[in-house]
1. For GLU72, state whether it is modelled with pLDDT of 95 or more, open to solvent by 70 Å² or more (accessible area, probe 1.4 Å) and not in a loop (DSSP other than H, G, I, E, B).
2. Could you say whether any residue in the range 18-33 is assigned to a loop (DSSP other than H, G, I, E, B) and at positive phi?
Amino acid sequence: MGTPVDGNEYLIGSCKYRNEKIGIEELELLRRYAAVFRRNGTFHYYIFSKGGFTPELLEAEKQGEVTLLTLEDLYR
């Protein structure tokens with residue numbers, strides 16, 4: 001899903017309702033979607049997961065590449 005925010009800014013997100021942890025490949029998939037969606041612009045990536053995230057994806061979040069959300073985050 002891609003939604004324009006303001007001008008050339010876009011939200012690109014994914015939601016996985018699985019018990020297993022989501023890995024870095026999901027962020028790579030979102031980046032490929034963004035490249036097809038639009039060549040230029042600023043993309044904000046969000047991944048929602050029931051089962052959590054792998055250490056590699058958590059590191060990408062620390063680097064500011066993606067925002068990760070769990071069910072607990074949604075119900076705080």
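1. No, not satisfied.
2. No.
The values are calculated or read from the model by the stated rules, or taken from the named source; none is laboratory data. In this text, all values refer to a predicted model and were calculated from it rather than measured experimentally. Keep in mind that these areas ignore ligands, DNA and RNA; they rest on the heavy atoms of the full protein, side chains included. Shrake-Rupley method; radii C 1.70, N 1.55, O 1.52, S 1.80 Å.
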